[in-house]
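Colleague: Sharing a structure here in structure tokens format.
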Amino acid sequence: MVMEEHPAFIHEALLEKFKVEDLHQYPDMWHPYDVLSKYLDVEQNRLLITRGAEGAFKQVYETFNLTGKTVGIPLPTCAMYTVYADAYNVNVVPIKGEAPDYKLTVSYIKDIARQVDVLFVINPSSNLANFFKKEDLKEIIDFCSSIGVVVFLDEVYTGWEHESYLPYLERHDNLIISSSFSKIGFPSIKTGWLATSVDLKKRLESTRGAYELDYFCCKALEFIIDNVDYFRKLKRDLLNVKKEWIKHLSCNSNFTVYDSALYTIRLYSEDKKLVKDTFDRLYDNKIVVNVIDDTNLQFSVSRNKNVEKIIFDNIK
């Protein structure tokens, strides 16, 4: 997650979106759909708002009746992918790269695709940073189409240093693209969406609720899109901070520093005791970092200089 607090003027401007006279009404979904459709440049008959990106892949599990079938899931990733697989009795083929760079190749993904009914692809990935170029994605999606596999493309981390595949959505009839606003510092509103073919959208909306979002989430969605310049600046600032962190941390001979296509940095070491001791020191200083496994620590960068100092002082 982005760990930055939004400034007071953003909080105050968001509160102004909420109107007393609206509170006795059910949510009006027409306007959020119109605003989001224009923002994404995706026709409404291809668009479905969901309760975060998690709501999108839950919709896939529910709609496609995957009980007893098989899906491919990149690991490690959002825990809810496998939680829903367990809940719906779905078999999972894990998609994993090899240390230390964990790179995933197109040929490897094709091999996985031959074994599954739905292929989940996270592009770019956060935990173990991987990303496919648009040419690679096209090859993967076209191959999956030829063998009757649906591709679910999770793009929750696009828009930092990697662009969305949405402009090419209409080329494919087996593709679902999902994203949300959680990774720009608004996970609390649980607002996401999926975009797909007209036919797949009709299938997926058959399991939708009466209202995809509550009133407050609808207004927050509109607010975020209205203030896109603020969020673009937030991204630029954090990416500049990331460059400085990488420069500093790369001077440490005990860890190998890996960049990402977003706002995170990964530190890798085969010295598992070093990794654990580093985590423990940071934790003792009230800095909790992501332990991907016993050789990898992941950081979300921060503009907070106090946080930066604690992290730099405790990575030895």
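Colleague: Residues of the stretch 58-75 with the amide nitrogen closer than 12 Å to a label point 7 Å from the Cα of ARG203, along Cα-to-Cβ, please.
Modeller: Only 60-66 pass the distance filter.
Colleague: Can you give the extra length, in nm with one decimal, that the chain gains between ASP277 and GLU12 once fully stretched, where that is 0.36 nm per residue apart less the Cα-Cα distance?
Modeller: Contour length minus Cα-Cα distance gives 91.3 nm.
Colleague: What's the FRET efficiency of LYS38 with ASN254 using the Cβ-Cβ distance as r and R₀ = 51 Å, to the nearest 0.05?
Modeller: 0.55
Colleague: Quick one: give the max-minus-min coordinate of the C-alpha atoms of the stretch 195-248 along each principal axis, largest first, in Å.
Modeller: 51, 25, 16
Colleague: Would you please put 205-211, 262-268 in order of how densely packed they are, using the mean number of other Cβ atoms within 10 angstrom per residue and starting with the highest?
Modeller: Top of the packing list down: 262-268, 205-211.
Colleague: Another question about this same structure. Given the options ASP34, ASP284, ASP142, state which has the largest fluctuation in a GNM of the chain using a 10 Å cut-off (strictly under) for Cα springs.
Modeller: In the Gaussian network model the winner is ASP284.
Colleague: To the nearest µm²/s, what D does Stokes-Einstein give for the chain at 20 °C and 1.002 mPa s, using the Kirkwood radius over alpha carbon pairs as Rh?
Modeller: It diffuses with D of about 103 µm²/s by this estimate.
Colleague: May I pose another question? Of LYS201/LYS235; LYS243/LYS309; LYS183/LYS273; LYS183/LYS219; LYS235/LYS316; LYS134/LYS202, which pairs sit farther than 21 Å apart, going by alpha carbon to alpha carbon?
Modeller: Those over the limit are LYS201/LYS235; LYS183/LYS273; LYS235/LYS316; LYS134/LYS202.
Colleague: Report the net charge of residues surrounding ILE122, where surrounding means a beta-carbon distance below 9 angstrom and charges are Lys +1, Arg +1, Asp -1, Glu -1.
Modeller: Around ILE122, the surrounding residues sum to -2.
Colleague: At a 10 angstrom cut-off on C-beta neighbours, averaged per residue, how do the peptides 216-225, 35-44 rank from highest to lowest?
Modeller: Highest mean packing first, the order is 216-225, 35-44.
Colleague: Enumerate the amide H contacts of VAL93 below 5 Å, restricted to partners 5 or more residues apart or on another chain; note that Pro and chain-start residues carry no placed amide H.
Modeller: Sorted by chain and number, the residues that satisfy this are VAL71, GLY72, ILE73.
Colleague: Where is the GNM fluctuation largest for the chain (alpha-carbon springs, 10 angstrom cutoff): LYS233, LYS190, LYS138?
Modeller: LYS233
Colleague: A further question follows. Take the alpha-carbon centre of the stretch 112-187, take the same for the stretch 50-85, and report the distance between them in whole Å.
Modeller: Using only Cα atoms, the two centres lie 14 Å from each other.
Colleague: While we're here: How many nm is it between the label spots at GLU135 and ASP229, if each spot is 7 Å from the Cα in line with the beta carbon?
Modeller: A separation of 3.7 nm, rounded to one decimal place.
Colleague: Label MET29 and TYR168 with points 7 Å out from Cα along Cα→Cβ: what is the distance between them in nm?
Modeller: Calculated label separation equals 3.1 nm.
Colleague: Moving on to the next point. Averaged per residue, what accessible surface does the chain expose to a 1.4 Å probe, in Å²?
Modeller: Per residue, the chain has an accessible area of 49 Å².
Colleague: In the chain, carbon and sulfur make up what percent of the accessible area (probe 1.4 Å)?
Modeller: Roughly 50 percent of what the probe reaches on the chain is carbon or sulfur.
The values are calculated or read from the model by the stated rules, or taken from the named source; none is laboratory data. Predicted, not measured: the structure shown is a model, and the values here were computed from it. Backbone-built Cβ (ideal geometry, glycine too); neighbour counts: all protein chains shown. Ligands, DNA and RNA are stripped out before the accessible areas are found, and what is left, the full protein with its side chains, is counted by its heavy atoms. Shrake-Rupley method; radii C 1.70, N 1.55, O 1.52, S 1.80 Å.
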